[in-house]
Amino acid sequence: MLAKIRKQNGNRVFEIDGKTYIPAAFRSFRPTPANVSLFYRSGIRLFQMQCSGMNSTLGLPYSNYGAAWVGDHRYDFTALDRQMEMFMKFAPEGYFMLMVQLDMPDWWRKENDCPWNSYTQLGEALFVEKWVSDACDYLQAFIRYAEEKYGDRVFAYSFSAGCATEWFDQWYYDGVSEEKAADYRAKTGDPTAPVPTMEEIRSTAFPSLREEDNAVYRYQKYCAGLIPDLILRFAGCAQEVLHHQKILGLFFGYTDQPVHWQNQTGTNGYEKVWASPDIDMLFSPAAYQTRKLNQVSSYQYTVDSIALHDKLYLHEIDHRTYLAQYPMDNFGMIYTEYQNEEETITVLRRELCATAVKGGSLWWFDFMGGYYASPGLEKELQTEMHILEKLYTKPHRSVSEIAVFVDPMSFLRMHDETSMPHDLVWHNRDSLHNCGAPYDYFNLKDIARLDLTQYKMCVFLNAVEIPEEIQEIIRTGLTEQTKVWVYAPCRATGGMEKVCSVKLREIELPEGKVQYGSELFGFTDPTSPMFAVDDPEAEILASYTDGTPACGRKGKDVYISAGNVPAVLWQDLARAAGVHIYSDTPGALYADSRFVARQTVWEQDITIHMPFDCRVEELFSGKVYATENRELRYTAAGGETNLFMILED
């Protein structure tokens, strides 16, 4: 079998032996005849299974089928055979993606007297060459076995290690191996370079930003390159067997982790993995912080950069539906996010829109099993598959006029215990979703790959570090666009005046809050330094509560001094930049060349400002509407997602 990802109508789709499959798939830690059959009946033909003998972070096995790596270069693939037998019986025309876990089995650690555990201490374990070598051998043996026996049914592989199978290092530097310390000193060229202690890493002393010579910054920058190199070694081993004839993917590269996780898990160097030709697709759960009925579905990745690297994004729907309120295997309870079937369906539809607007793959994750086991949710899966089939017949392109940039390596400049990563990236990502206009979401360094003429406003959320070549692109390539700078752009790489024409001065106002109309915003934690607008040529947009100018506009540059920027300020800036505003009121809104979608929380009359007059079909109800004076008007029920596909006259 030859399986690949190709573009069709601007979308990325799976092609398996010449036949096209819409990228929609099933996953579960507890696949059974019941849920495999349910999803198969719903029209899904792509299924994932996990091959693991280890426990998850819930204290339960990732798979009830057991381990395959059972001894020193000894493998028993009975567990894989049993899973494949079940899946092929209850999904007879299905194709399968196999995820293999490469972490150290308990027997391996005992036999090799290894003090490290790759699941929780990946940053140390990767220096254990015997484990890395043995894991490569296991990965290749696994793929060879699967290809020989099931090669006509397996279309993709993925591999994992580290906490949650997402390559997190959870050790937090609580003791460093001699091998790692020696490697760090060798790579820095400083034989006496100190390895910071946990106390130093989590010290709450000001300033909030770290300088180039800061010991914690230097060490974390070094750590950020280790796990990507390990991943690429494993990917290379896999491709020695696959020869790019099957699709290969993994979880890696979030930008919205809990405060100290963002730096300490060692994943900020993910761009190297995303750029690799050995990787074809990237998986991520939907953003966890935006799953409630009154929120806006979002992404843990800078999702639009994935397509720039010609890869497919898989948006994992691991939501705890209203059916997730029953005890697990160990009698523990897992929280549920929704009270009933109606709320669950509303949010599932919202996630469909959030996935489709980015040309991604919808990956339903029936977490511990039974989360979709109702006639209503089975019918909903069927409905969503029919809608995806309709959407994929129409050309897809972005219509966003806002580009938002995040730099993962700039997180390392921020103190681990500050709220800055959240306040600058996570919160602003979500408040931008409420500004009434869609936006594209990129890694900063990928600006070099973009046709910037599409955008009228470019937002730089955390660009403390901006390499000189990127500074030059911004200076010469963004002459017509409004550029919005948040907090301390380029401060670590030449000074803020290198990119922002608004003149600033450094102040000490750790608790400083900014007043914009009726909105009061700022950093969650005390922050130092802070900055004030000090430019007689700038228009002052907002001030600190003591009257000090905090936000200003000069020419095409806008400066905002703090995080947690409210949606109304983003909307006002977008409108002033000439961005088309689809909705004057906040709420979940998604739009591309094929559709516009809106989700409501309560019953209300909705007006969507369309860029042109047209007829639209609401795909969940089948109703057809016509705009008047480029306005789409309808009455939405409480807790309702509406998806309006633009019809060709």
Free-standing Cys residues across the chain, given no other cysteine C-beta under 4.7 angstrom: C51, C114, C163, C223, C353, C435, C458, C490, C500, C551, C614
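Of K221/K292; K130/K272; K4/K221; K4/K149, which pairs sit farther than 28 Å apart, going by alpha carbon to alpha carbon?
K221/K292; K4/K221
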Tail weight of P(r) past 16 Å, computed on alpha-carbon pairs of segment 200-269, percent: 60
Which of T255, Q48, I473, positive extreme of dipole for the chain (C-beta unit charges): Q48
Stokes-Einstein D in µm²/s, Kirkwood radius over Cα pairs - segment 402-576 at 37 °C with 0.692 mPa s viscosity: 206
Range in the chain, longest, excluding exposed trypsin sites (Lys or Arg not before Pro) [loop by DSSP; at most 14 other beta-carbon atoms within 10 Å]: 1-291
Additional length obtainable on full extension of the chain from I473 to D451, 0.36 nm per residue less Cα span: 6.8 nm
Candidate values (1) 0.96; (2) 1.18; (3) 1.09, label of the one derived for Rg/Rh (Cα atoms, Kirkwood Rh): (1)
In Hz, Karplus ³J(HN,Hα) per residue of segment 50-60 (6.51, -1.76, 1.60; θ = phi - 60°; x = Gly, Pro): 10, 10, 7, x, 10, 8, 7, 5, 7, x, 10
Between segment 267-304 and segment 388-466, the Cα center-to-center distance that results, in Å: 12
Whole-Hz ³J(HN,Hα) from phi, Karplus 6.51 cos²θ - 1.76 cosθ + 1.60, for segment 572-586, glycine and proline x: 5, 5, 5, 4, 5, 7, x, 6, 6, 9, 7, 9, 6, 10, x
Model label zone, D584; criterion: amide N under 14 Å from point 7 Å along Cα-to-beta-carbon; scope segment 606-648: 606-610, 631-633
Extension gain, K187 back to E199 (0.36 nm per residue minus Cα-Cα distance, nm): 1.9 nm
Along each principal axis, Cα extent of segment 591-649, largest first, Å: 31, 21, 19
Out-of-range pairs (alpha-carbon distance over 21 Å; input K498/K554; K7/K483; K19/K311; K445/K513): K7/K483; K445/K513
Rounded to whole Å, sorted largest first: equivalent-ellipsoid semi-axes of segment 3-391, Cα gyration tensor: 34, 25, 21
Selection from Y184, V154, Q239 lying farthest towards where the dipole of segment 149-241 points positive, charges on Cβ: V154
Backbone HN-Hα couplings from phi across segment 8-24 [Karplus 6.51/-1.76/1.60, Hz, Gly and Pro as x]: 9, 6, x, 9, 9, 10, 8, 10, 10, 6, x, 9, 8, 10, 4, x, 9
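Where a number appears in this text, it was derived from the coordinates with a stated rule and is not lab data. Since we're looking at a predicted model, the values are computed, not measured. Here Cβ is always computed from backbone atoms with ideal geometry, including for glycine, and neighbour counts include all displayed protein chains.
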